[in-house]
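Asker: Quick one: the structure is below, and I'll ask about it shortly.
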Amino acid sequence: GVSRGVMSHLHADSGQLILGWHGRCWITDPGYQQYRPGDEREFTLGDEAHNAPVIGGVKQTERAAKLERLETDPNGRLHVRVDLTACYRGLPADTRVKRDVWLINQGGRAVVMRDVFQSLKPGAEIKNSWHGGTHFAWAFRNGWARLSDGQRALWVVTMPGALSPTAL
């Protein structure tokens with residue numbers, strides 16, 4: 001997502017990655033804002049409603065992403081780079097936040113996403129919240145998470161680190 005709309009009710013969630021495959025949303029976003037008070041509203045307005053990075057407790061407040069690259073690289077991989085720096089207020093002036101996504105293996109059989117952060121305060125915590133689509137079975141093995149619809153599977157990992165059921 002490279003949201004640049006100026007409407008005040010839209011989410012500031014630039015860099016959002018939504019993965020559709022075989023007619024289903026496997027990695028998704030709630031995609032709405034609940035206006036009725038309660039837990040659902042708190043969630044849709046909160047830090048965990050989208051998979052854009054939350055940096056040192058600072059979530060995106062501006063829809064100001066800049067598309068830096070949209071290309072097919074020399075190895076045939078589709079690549080997009082989005083500069084998210086201007087989406088965050090309150091970060092040090094020389095901070096840079098960028099997200100790269102590659103589709104790999106002739107037909108996009110693998111997706112790689114990388115966030116790059118420059119000049120953050122030492123020890124700044126980076127949080128990402130990912131949302132699996134509905135009606136999938138989850139399993140965990142050797143630090144990987146597996147989503148399955150009974151016919152196909154999507155394997156997800158983070159590097160460095162590992163995914164566990166406690167993070168679900």
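The values are calculated or read from the model by the stated rules, or taken from the named source; none is laboratory data. As the structure is a prediction and not an experimental result, all values here were calculated from the model. Reconstructed Cβ throughout: ideal geometry from the backbone, glycine too, with neighbour counts over all protein chains shown. We work out accessible area using only protein heavy atoms, side chains counted, and drop any ligands, DNA or RNA first. Shrake-Rupley method; radii C 1.70, N 1.55, O 1.52, S 1.80 Å.
Asker: If R141 satisfies all but one of (1) charged (D, E, K, R); (2) in contact with an Asp or Glu (Cβ under 8 Å, 6 or more places away or on another chain); (3) without any contact (Cβ under 8 Å) to a residue 40 or more places away in the chain, what's the number of the condition it fails?
Answerer: (2)
Asker: Restricting attention to the range 69-83, report how many residues are open to solvent by 50 Å² or more (accessible area, probe 1.4 Å) and at pLDDT 90 or above.
Answerer: Qualifying residue count, the range 69-83: 5.
Asker: Could you check L168 against (1) open to solvent by 60 Å² or more (accessible area, probe 1.4 Å); (2) touching a Gly at 6+ places or on another chain (Cβ under 8 Å); (3) aliphatic (A, V, I, L, M) and say which number it fails?
Answerer: Only one criterion in (1) open to solvent by 60 Å² or more (accessible area, probe 1.4 Å); (2) touching a Gly at 6+ places or on another chain (Cβ under 8 Å); (3) aliphatic (A, V, I, L, M) is unmet by L168, namely (2).
Asker: Looking at the range 61-112, which of its residues are hydrophobic (A, V, I, L, M, F, W, C) and under 22 Å from W26 (Cβ atoms)? Give the steps one after another, and end with the answer.
Answerer: Restricting attention to the range 61-112, the residues satisfying the condition of being hydrophobic (A, V, I, L, M, F, W, C) are 64-65, 67, 70, 78, 80, 82, 84, 86-87, 91, 93, 97, 101-104, 110-112.
Those that are hydrophobic (A, V, I, L, M, F, W, C) and under 22 Å from W26 (Cβ atoms): L78, V80, V82, V101, W102, L103, I104, A110, V111, V112.
Asker: Which one is modelled with the lowest pLDDT among residues in the range 15-47 that are open to solvent by less than 40 Å² (accessible area, probe 1.4 Å) and hydroxyl-bearing (S, T, Y)?
Answerer: The residue in question is T44.
Asker: For the range 119-133, give me the residue count where each residue is part of a loop (DSSP other than H, G, I, E, B), out of contact with any Phe, Trp or Tyr (no Cβ under 9 Å at 6 or more places or on another chain) and either in contact (Cβ under 8 Å) with a residue 60 or more places away in the chain or of a type in the set (V, I, T) (or both).
Answerer: The qualifying residues number 6.
To keep it simple, each residue is scored yes or no on (1) surrounded by 12 or more Cβ atoms within 10 Å (Cβ to Cβ); (2) in a loop (DSSP other than H, G, I, E, B); (3) touching a Gly at 6+ places or on another chain (Cβ under 9 Å); (4) at pLDDT 90 or above.
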{"position": "R114", "(1), (2), (3), (4)": "no, no, no, yes"}
{"position": "F117", "(1), (2), (3), (4)": "yes, no, no, yes"}
{"position": "H135", "(1), (2), (3), (4)": "no, yes, no, yes"}
{"position": "F140", "(1), (2), (3), (4)": "yes, no, no, yes"}
{"position": "R146", "(1), (2), (3), (4)": "yes, no, no, yes"}
{"position": "Q151", "(1), (2), (3), (4)": "no, yes, no, yes"}
{"position": "L154", "(1), (2), (3), (4)": "yes, no, yes, yes"}
{"position": "P160", "(1), (2), (3), (4)": "no, yes, no, no"}
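Asker: Look through L67, L17 and report the one residue that is touching a residue at least 12 places away in the same chain (Cβ under 8 Å), of a type outside the set (K, R) and over 18 Å from W130 (Cβ atoms). Give the steps one after another, and end with the answer.
Answerer: Values: L17 fails: over 18 Å from W130 (Cβ atoms).
On inspection, the qualifying residue turns out to be L67.
Asker: On to the next question. Across the range 44-100, what is the number of residues that are part of a loop (DSSP other than H, G, I, E, B), aliphatic (A, V, I, L, M) and in contact with a Pro (Cβ under 9 Å, 6 or more places away or on another chain)?
Answerer: Qualifying residue count for the region: 2.
Asker: Any idea which of A86, A93 is among the hydrophobic types (A, V, I, L, M, F, W, C) and loosely packed, with under 11 Cβ neighbours inside 10 Å?
Answerer: Working: A86 fails: loosely packed, with under 11 Cβ neighbours inside 10 Å.
Just a single option satisfies the conditions, and that option is A93.
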